[in-house]
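The values are calculated or read from the model by the stated rules, or taken from the named source; none is laboratory data. Quick caveat, the model's predicted, so the values are computed rather than measured. FYI the Cβ positions are ideal-geometry reconstructions off the backbone, even for glycines, and counts take in every protein chain you see. Calculation scope for accessible area: heavy atoms of the full protein, side chains included, ligands and nucleic acids excluded. Shrake-Rupley method; radii C 1.70, N 1.55, O 1.52, S 1.80 Å.
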Amino acid sequence: MSRVVSCLLLLWATSAAAAVPTPESVLGAPPGTDRTLADWRQMVAYFQALDEASPRVTVEDAGPTTEGLPFLVVTISSEANLARLDEIRRDNLRLADPRGLTDADARDIVARGKTIVAVHHGIHSTEVAGPMTSMETAYWLAAADDAETKDILDQTVIVMLPSHNPDGTQKVAEWYRRTLGTLFEGANPPFLYQKYTGHDNNRDWYMFTQIESKLTVAHVYDRWRPQIVHDVHQMGARSARLFLPPYVDPWEPNVDPALRAAVSAIGTHVAGTLTSQGKPGVVVNAIYDAWSPSRAYPHTHGGVRILSEAASAKLATPVDIPFDTLQRGIGYDPKVASWNFPWPWPGGAWRLRDIMDYQGAATRALLGHAARNRAYWLTTFLEVNRRATTRTEPFAFVLPPGHDDPLATAELRRVLLTGGVEIARATDGFTAGGRSFPSGSYIVPMAQPYSAFAKALLERQEYPDIRPAPGAPPQRPYDVTAHTLPLLLGLEAVPIAQPFEVPTEPVTDASVTPGRVAGRGRHLAFDHKTAGLRATARLLKAGVPVRWSRDAFTDDGRRYEAGTLLAPGSARPAMERLAQELGISAEAVDTNPPAFVLHRPRVGLYQSWVPSMDEGWTRYMFEQQAEVEYQTLHDTDIRAGGLRAIFDVIVLPDQSPKAMKDGHAPGAMPPEYVGGLGAEGVKALKTFVQEGGTLVALDSATGLVISELGLLVKDALADAAPAGGDDDDEERDGGDFYSPGAILETRVEGGSALGHGLPASTPIWFESSPAFDVKSGRVVLRYPHGDPLLSGWLLGGERLHGKAALVEVSLGRGKVVLFGFRPQYRGQSWATYVPLLNALYLSAATAGGD
């Protein structure tokens, strides 16, 4: 009898699995086949078929991506759980915000609750295995009927992103197919695979600039508050076969200790499971740290981020990696067994199928742990969030209204609210921490569930100087070391240690506080901040004349700073609309000071076929934040010459001089993507300046301009050598100087209109950047004497004493503007948008008299 039942069960399981479509049935080939990639449209078709066939799977199109493709969120669990999904979700949100939750109610929720596990694939689109693995993982969960899988489905709710960047998944698949069978097969594409950010799209987990980040927060994090997030990635080919946590030190200090322990526990468990399954080359406690919240949203929201990084092939093309070519990394040597790397991989062939096997096995082990330890994960989540609601150090941060840029102020509120942070607005003046604050000040109390997120962004960072041994070079961080948003936005955030009381009202939206237009007069004067410059863009586009005062002036006893922007009194209706939309305030004046007359600048933005993320961020800032119209320039456009007749200003984003001048070598790419500016392009740029154009160079691009245009400016840090690192960044480490990404102080020097609108002390983003000695040119920003570090990590800051950070140099009838920093860093450094926009508008300005 038992044998008959077993056979019937086997037949039922086989029939059920057969009803669930395999990825191969939709794709035409098994996922992981050499030299075969599914594109996003095929993946969407597969998940739609899975949704229709399986009662364990629901698929939601959460909205269009940056370039209009569907963004899928896939929920997988048992049929019983899916039938009461809203109840499970509501229970989990009570654990996320346990204020008012009794111990008895908490025990009941933990007893009936489910571990929420998010599994994210494909945020980096050249890491092609993840989206392919997502289909196999979903099929396994939809079709398998073994006891372990059923327990996973019963005890967890899995929220899957098959691709965080569908646009890139589609583009890379198309590029790969185009290059199959050519010399370029497996090469990364000559364009950014995310429209604006490229590889930086996983550095967006606190600024939320990109549509995909916002969709993930809204449809995964806000909706579910997962206890565990598995972030599926790939790394370099000549490393370990798979990285898993524990992370190396340091951690972001606001992450709860229980989460640090939980990360280490589950990461080590997954690593041990894969090793016991016969998969060599798995490393823990190496390579990656957990410092920057730009890459780890869950750590400040009660959950854990489990990063897995598998070794790569050449997209879907196999590679052969001899053992002796493996390269050591932070915390391990891939040729030597150690406690955190017990089984070295012997080298040999490595292919897409291998990557997917490691990724899929890691996800299965992680889900098994989440199911078997459901009560642990829910209890840990509850207790971490309880501790957050009793945080008292500090008591609160106060964001005084002052005369700050209204757009930047609204942007900070948007970031905090998107991150689930509660904000209040004072309805009366008050005193706290020995300082008086006016009515309208914003208050961010720390006793709230996501105070770790707020505190990490509002306070200044002190990154530890970690060295493997005494006298050794510093251990470089995996990413940058500062994330103090008020400094980057040009705002103030005041920590208040002691409790205080003030009547408040909740802040629930990030809309800009409307400004006003006051008085009657011949002209309307408004501030030279990002809001004022955006208003200028709109006015000029509408044909309204705008002037820029060259000097400070007074009107009716009030002083107006140099750079004050002026619209005619007849533009009052337009200014009133802008006051509502952008928060600017305008005052009527009768004084008519000497001024520049502004015109819409004709802007060219250089785009190399060696993709530059900084170029993408510049486009993002121009299009989405500053409303600057521009034209993209490729190497052939510049080499063609005749630039001055077309452009007033050309912007060279941050990129190495070699990449800009030489581009891709012949044979490395199809012919249309080979070569860079070359001598011909450099000559055309020089002629453009000599004929009256403005050339703006950002960060590393200044090296090309200084050397090729013969400027009497020198990079005072040119002797600093690269310290090496990951694919994204190149650090300088000259032994006595180290600058892996920090916020530094500069001082404005008078005499240049480029500095108009900047406060006397201006924070800048410095990341292996140049600093200038100037023999001929005008210094606009200079590093003060003393330590310029405001947040993050900087060694050897004395080398910056008195050096220039921003310089303008005349050449012929034009000028060159050298930014020794990234003024539009990752869509965050609003404080230095102003001088970049100044350079654009001044390029087309004409002199106006009294």
**Asked** In a shell of Cβ-Cβ distance under 9 Å around Gly814, excluding Gly814 itself, what net charge do Lys and Arg (+1) and Asp and Glu (-1) give?
**Response** +2
**Request:** Using 0.36 nm per residue of separation minus the Cα-Cα distance, give me the extension gain between Ala640 and Ala261 in nm, one decimal.
**Result:** 130.5 nm
**Request:** Please get the size of the charge dipole for segment 80-170, origin at its Cα centre, with Cβ charges of +1 on Lys and Arg and -1 on Asp and Glu, quoted in debye to the nearest 20.
**Result:** 320 debye
**Request:** Using only Cα atoms, locate the centre of segment 403-460 and the centre of segment 147-206, then give the distance between them in Å, rounded to an integer.
**Result:** 36 Å
**Prompt:** In whole percent, what relative contact order does the chain give with Cα contacts below 8 Å and a gap of six or more residues?
**Reply:** 10 percent
**Asked** What fraction, in whole percent, of alpha-carbon pairs in the chain exceed 40 Å separation?
**Response** 40 percent
**Request:** Can you work out the accessible area per residue across segment 262-386, with the rest of the protein chains kept in place, probe 1.4 Å, in square angstrom?
**Result:** 31 Å²
**Request:** Go through 377-387, 146-156 and give me the packing order, highest mean Cβ count within 10 Å leading.
**Result:** 377-387, 146-156
**Prompt:** If you take the C-alpha gyration tensor of segment 282-437, multiply each eigenvalue by 5 and take the square root, what semi-axes do you get, largest first, in whole Å?
**Reply:** 46, 21, 16
**Residue-normalised accessible area of segment 752-804, expressed per residue, 1.4 Å probe, Å²** = 33 Å²
**Message:** When only alpha-carbon atoms are used, what values of Rg and Dmax, in angstrom, describe segment 178-260?
**Reply:** 17.2, 51
**Prompt:** Among bridges DSSP assigns within the chain, what percent are antiparallel (round to 5)?
**Reply:** 65 percent
**Prompt:** What percent of all Cα-Cα pairs in segment 239-302 falls in each 10 Å bin, counting up from 0?
**Reply:** 22, 49, 24, 5
**Message:** Which order do you get for Thr832, Thr427 if you rank them by accessible area with a 1.4 Å probe, largest at the top?
**Reply:** Thr427, Thr832
**Helix 103-112 axis, angle to the chain major axis (alpha carbon atoms, nearest 10°)** = 60 degrees
**Prompt:** Dimensions of segment 548-600 along principal axes (Cα, Å, largest first)?
**Reply:** 29, 28, 19
**Complete:** Note to self: C-alpha centroids of segment 57-132 and segment 562-622 sit apart, in Å, by 42 Å
**Message:** As a quick test, which of the pairs Lys279/Lys335; Lys195/Lys541; Lys171/Lys314; Lys714/Lys815 have an alpha carbon distance above 19 angstrom in this structure?
**Reply:** Lys195/Lys541
**Asked** Which values of log₁₀ I(q)/I(0), to two decimal places, follow from the Debye formula for segment 128-193 at q = 0.12, 0.16, 0.18 Å⁻¹ with a uniform point scatterer at every Cα?
**Response** -0.47, -0.67, -0.74
**Request:** Roll a 1.4 angstrom probe over the protein heavy atoms and tell me the percent of accessible area of the chain that is carbon or sulfur.
**Result:** 51 percent
**Message:** With the crude spin-label approximation of a point 7 Å out along Cα→Cβ, what separation in nm comes out for Ala375 versus Ser810?
**Reply:** 8.0 nm
**Fill in**
Eigenvalues of the alpha-carbon gyration tensor of segment 438-543, times 5 and square-rooted, give semi-axes in Å, largest first, of 39, 24, 12
**Request:** Take the alpha carbon atoms of segment 788-822, find their center, do the same for segment 646-709, and report the distance between the two centers in whole angstrom.
**Result:** 20 Å
